[in-house]
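*Asks:* Below you'll find the structure I mean.
The values are calculated or read from the model by the stated rules, or taken from the named source; none is laboratory data. Keep in mind that what you see is a predicted model, and the values were worked out from it rather than measured. With ideal geometry, Cβ positions are generated from the backbone for all residues, glycine too; neighbour counts draw on all protein chains shown. Just so you know, the surface numbers come from the protein's heavy atoms only, side chains and all, with ligands and any DNA or RNA stripped out. Shrake-Rupley method; radii C 1.70, N 1.55, O 1.52, S 1.80 Å.
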2 protein chains.
Amino acid sequence: MTFRFFSPKEKKKRLFLDYASITPIDERVLKVVHDAHQYFQNPSSIHKDGVKAKELIEEARKKVASFFRAHQDEVIFTASGTESCVMAIRGVVSEARKKIGRPHIIISAIEHPAISETVTLLEEEGVEVSVLPVDENGLVQIAVLKELIKEETILVSIQMVNSEVGTIEPIRDISLYIQKIKKEKTFVKNENTYPLLHTDASQAICFEDIDLRKIHADLLTADSIKCYGPRGMGLLFKRRNVKISPVITGGGQEFGLRSGTENLPGILGFAKALEIAEVIRVGEGERLADIKKYAAERITALISKCEINGSIETSSPHILNICFKDADAEFVVLSLDALDISCSYASACKSLHGDATSLVISALGKEKCAGSSVRFSFGRSTTRKSIDRLIEVLTELMHRGVIK
Amino acid sequence: MTFRFFSPKEKKKRLFLDYASITPIDERVLKVVHDAHQYFQNPSSIHKDGVKAKELIEEARKKVASFFRAHQDEVIFTASGTESCVMAIRGVVSEARKKIGRPHIIISAIEHPAISETVTLLEEEGVEVSVLPVDENGLVQIAVLKELIKEETILVSIQMVNSEVGTIEPIRDISLYIQKIKKEKTFVKNENTYPLLHTDASQAICFEDIDLRKIHADLLTADSIKCYGPRGMGLLFKRRNVKISPVITGGGQEFGLRSGTENLPGILGFAKALEIAEVIRVGEGERLADIKKYAAERITALISKCEINGSIETSSPHILNICFKDADAEFVVLSLDALDISCSYASACKSLHGDATSLVISALGKEKCAGSSVRFSFGRSTTRKSIDRLIEVLTELMHRGVIK
């Protein structure tokens, strides 16, 4: 059987620079997903076919766990990064409420809506929420975190890589700090179970070395569609000793933490996607870092009224966010679209509501850039030639007066 | 491109009689799912590719809505029947709690764990739950329901077809009764918004005519894996005027009710699966009803110490549940498995916990059959010949003394 890979490369006419929004499925992953449909039986069935399906899922779980250097029983499969985030936050809160009257959560100022919207709702339900500010590059400061953590703090949730500007947060240092205060039994009342650390690693999965023996996160979210995997798949890593209450309840699949018949093709495909990502991670990261640097240099050389949001040094190689001063981000994105380049402003989730103002850029203290910033994000089909074409089109937009 | 359909037919050696547990994906659906991966872009993106993806999803939503004779904006895509059930129950409860101090829910005694486990947890959270008993055929009695409904009743949740014995519940009559008491403004305090009716139609989808202009359910759950559709897909129908709070919160996809990037291939495949199911529904229902009758006659003629659970007349054509008196259900299923027939006891979800005792059979007042009942369920590859083979194997099991 031959497979056609629906790579953006093939679509000669259009240039896709929106990989942080979504990645296409890898052709090898698509093959795994397709072939896996032969094992259609319910993995909970006790007959041979069911047992075989269960075995395949557990093999995939083992493979996925090894990606994170975690244990097999620490990986819970979900249907999206969003579901994993909700499960982490709500799961910890529900469990903590058995002991703590008014639990306290700390999130960064630039979290994905899956986190920020969820905690906003929890605030209405009586949870106390603190927002950890970021500096002009989007970095959280551990010194400020230290001031916010208190006896009632049950959870700190900070993304590993920001989806809009690409900032890589110091998750390892944060995790070590939290480990330290637990060891010192700073908060006796909580039996030193808390605070727990959750990190949304959806944007980090292809580029960061996520070794959970070194990063002492208690919970970690990953999304399949950000790493060339199947659609409608996510996972939550949950350290063995961490207790959470389930959100999707029922038959008790996924260690009783996420009910519903397992999506076997999705799970096998996700495992394959992570396997591929691991193999090419370092090389692909270096390649894109070079492309990003090239793009940044050429864009800033071309356009006088622009600046890079975030710092190239402390951000992921696949995201370049540019503030086109005095321009309207939505108009820039649509003008690029008309000239066959796909990119985005704010986040795709945000644009769903027709709002081009980025809360992330505002949080960086760059209010003036909040409505003028465009995200270019790179992936496996992006080359220096893609950047040359982007420059050509941006030159055209300058001539038209869309950007200055 | 040619597709290989992984039908149970092809696996000559094994006979799959466990379609109520899960159905294989239809080869036409698999092709739709596969091809849909070319539209990989994020449907929330504003560029052309994103808009195209969004359009495809909305076309599919329209198609799915027409299956239920519902409006396009009444269909919310989820990742499973379980998720849909949780969303319906928790969504209604969260919304109702804004007005009603201690809301009351009524469910039948034979609901799927997605319902029964979820309301058990809600009971711990202060919701009052009443369980509507069923008769010896698994049927709920409207007369009893009438006695249970009160001012605080916000939700009645009754499955359309039971997954273990196949009982078809009188959902239309129940819905008409609830409509009636609302029109008569029986419960002024609730502004006649409540009670709402949710029905889990997962097992009904291939065989019942689910016309939501006639069945006045406010919420309805369907599961893609029960109708030869993609894995990891479900939907919740929610009538326009019904308000629920979201469970999976974040970017605000699916009308703000279920966040997370849409699973485009899954959605398009689910729409295709329902389209196919609709076309063949009547014919396939009649064909399986005949096979079920044939199976029931031959099994009861062969085995003296057996009886049918539920009534053939009031149950779905795809489920036949047999009590093998004095036999151990798990041993029967494993013995059939050893002779290459797949079937199940209790539900697959139940067997996950290694428990062969069926709560459903107990609820039918047949305590003695609770640990001795086996479900044979039929699908598109089942023929009279399949039944002949089942009879041969059951004969063998009699000789071996597994059944008497």
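*Asks:* Restricting attention to segment A:163-174, report how many residues are at negative phi and touching a Ser or Thr at 6+ places or on another chain (Cβ under 8 Å).
*Replies:* Residues in segment A:163-174 being at negative phi and touching a Ser or Thr at 6+ places or on another chain (Cβ under 8 Å): 7 in total.
*Asks:* Has segment A:290-301 got any residue that is out of contact with any Asp or Glu (no Cβ under 9 Å at 6 or more places or on another chain), outside any helix (DSSP H, G or I), more than 30 Å from A:ASP73 (Cα to Cα) and of a type in the set (Val, Ile, Thr)?
*Replies:* Taking every residue of segment A:290-301 in turn, none turns out to be out of contact with any Asp or Glu (no Cβ under 9 Å at 6 or more places or on another chain), outside any helix (DSSP H, G or I), more than 30 Å from A:ASP73 (Cα to Cα) and of a type in the set (Val, Ile, Thr).
*Asks:* What is the residue count in segment B:43-58 for residues that are out of contact with any Phe, Trp or Tyr (no Cβ under 9 Å at 6 or more places or on another chain), facing chain A (nearest Cβ under 7 Å) and among the acidic types (Asp, Glu)?
*Replies:* Count: 0.
*Asks:* Ok, one more. Among (1) within 14 Å of chain A (Cβ to nearest Cβ); (2) in a loop (DSSP other than H, G, I, E, B); (3) open to solvent by 50 Å² or more (accessible area, probe 1.4 Å), where does B:LEU334 come up short?
*Replies:* (2)
*Asks:* A further question follows. Report those helices (runs of 4 or more DSSP H) wholly inside segment A:108-197 carrying at least 2 residues which are open to solvent by less than 20 Å² (accessible area, probe 1.4 Å) and of a type in the set (Asp, Glu).
*Replies:* none
*Asks:* While we're looking at this one, here's another question. Just the residues that are modelled with pLDDT under 85 and charged (D, E, K, R), please, taken from segment B:343-369.
*Replies:* Scanning segment B:343-369 gives B:LYS350, B:ASP355.
*Asks:* For B:ARG389, only one of the following conditions fails: (1) at pLDDT below 95; (2) open to solvent by 10 Å² or more (accessible area, probe 1.4 Å); (3) touching a strand residue (DSSP E or B) at 6+ places or on another chain (Cβ under 8 Å); (4) away from chain A (no Cβ under 14 Å). What is its number?
*Replies:* Against the list (1) at pLDDT below 95; (2) open to solvent by 10 Å² or more (accessible area, probe 1.4 Å); (3) touching a strand residue (DSSP E or B) at 6+ places or on another chain (Cβ under 8 Å); (4) away from chain A (no Cβ under 14 Å), B:ARG389 comes up short only on (1).
*Asks:* Looking only at residues in segment B:16-75 that are touching a residue at least 24 places away in the same chain (Cβ under 8 Å) and among the polar types (S, T, N, Q), which one is surrounded by the fewest Cβ atoms within 10 Å (Cβ to Cβ)?
*Replies:* B:SER44
*Asks:* Here's a follow-up. For segment B:1-42, how many residues meet the condition of being at pLDDT 80 or above, in contact with a Leu (Cβ under 8 Å, 6 or more places away or on another chain) and more than 7 Å from chain A (Cβ to nearest Cβ)?
*Replies:* So the count comes out to 6.
*Asks:* Is it fair to say A:GLU184 is farther than 27 Å from A:CYS323 by Cβ, modelled with pLDDT under 95 and among the acidic types (Asp, Glu)?
*Replies:* yes
*Asks:* Hey, another quick one. For A:PRO230, state whether it is surrounded by fewer than 24 Cβ atoms within 10 Å (Cβ to Cβ) and in a loop (DSSP other than H, G, I, E, B).
*Replies:* Judged against the criteria, A:PRO230 is not a match.
*Asks:* Let me ask you something else. What single numbered condition from (1) surrounded by fewer than 24 Cβ atoms within 10 Å (Cβ to Cβ); (2) within 14 Å of another protein chain (Cβ to nearest Cβ) fails to hold for B:LEU235?
*Replies:* The single condition B:LEU235 does not satisfy is (1).
For every residue, the table says whether it meets (1) outside the structural domain of B:GLN253 (by TED's automatic domain parsing); (2) under 30 Å from A:PRO246 (Cβ atoms); (3) of a type outside the set (Lys, Arg); (4) in a helix (DSSP H, G or I).
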residue: B:GLY50; (1), (2), (3), (4): no, no, yes, yes
residue: B:GLU55; (1), (2), (3), (4): no, no, yes, yes
residue: B:LYS62; (1), (2), (3), (4): no, no, no, yes
residue: B:PHE77; (1), (2), (3), (4): no, yes, yes, no
residue: B:MET87; (1), (2), (3), (4): no, yes, yes, yes
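*Asks:* Here is a follow-up. Just one of the numbered conditions (1) surrounded by 22 or more Cβ atoms within 10 Å (Cβ to Cβ); (2) away from chain B (no Cβ under 13 Å); (3) touching a strand residue (DSSP E or B) at 6+ places or on another chain (Cβ under 9 Å) is not true of A:THR261; which one?
*Replies:* The failed condition is (2).
*Asks:* Kindly indicate which of B:SER304, B:SER344 is hydroxyl-bearing (Ser, Thr, Tyr), out of contact with any strand residue (DSSP E or B) (no Cβ under 6 Å at 6 or more places or on another chain) and touching a residue at least 24 places away in the same chain (Cβ under 8 Å).
*Replies:* B:SER304
*Asks:* Residue check, A:GLY126 against (1) on the phi < 0 side of the Ramachandran plot; (2) more than 10 Å from chain B (Cβ to nearest Cβ), all met but one. Which one?
*Replies:* For A:GLY126, the failing item is (1).
*Asks:* Given the options B:LYS272, B:LYS305, B:LYS293, name the one that is open to solvent by 30 Å² or more (accessible area, probe 1.4 Å) and either among the small types (Gly, Ala, Ser) or under 19 Å from B:VAL161 (Cα atoms) (or both). It would help to see each step written out before you state the result.
*Replies:* On the way: B:LYS272 fails: either among the small types (Gly, Ala, Ser) or under 19 Å from B:VAL161 (Cα atoms) (or both); B:LYS305 fails: either among the small types (Gly, Ala, Ser) or under 19 Å from B:VAL161 (Cα atoms) (or both).
One residue alone meets the criteria, B:LYS293.
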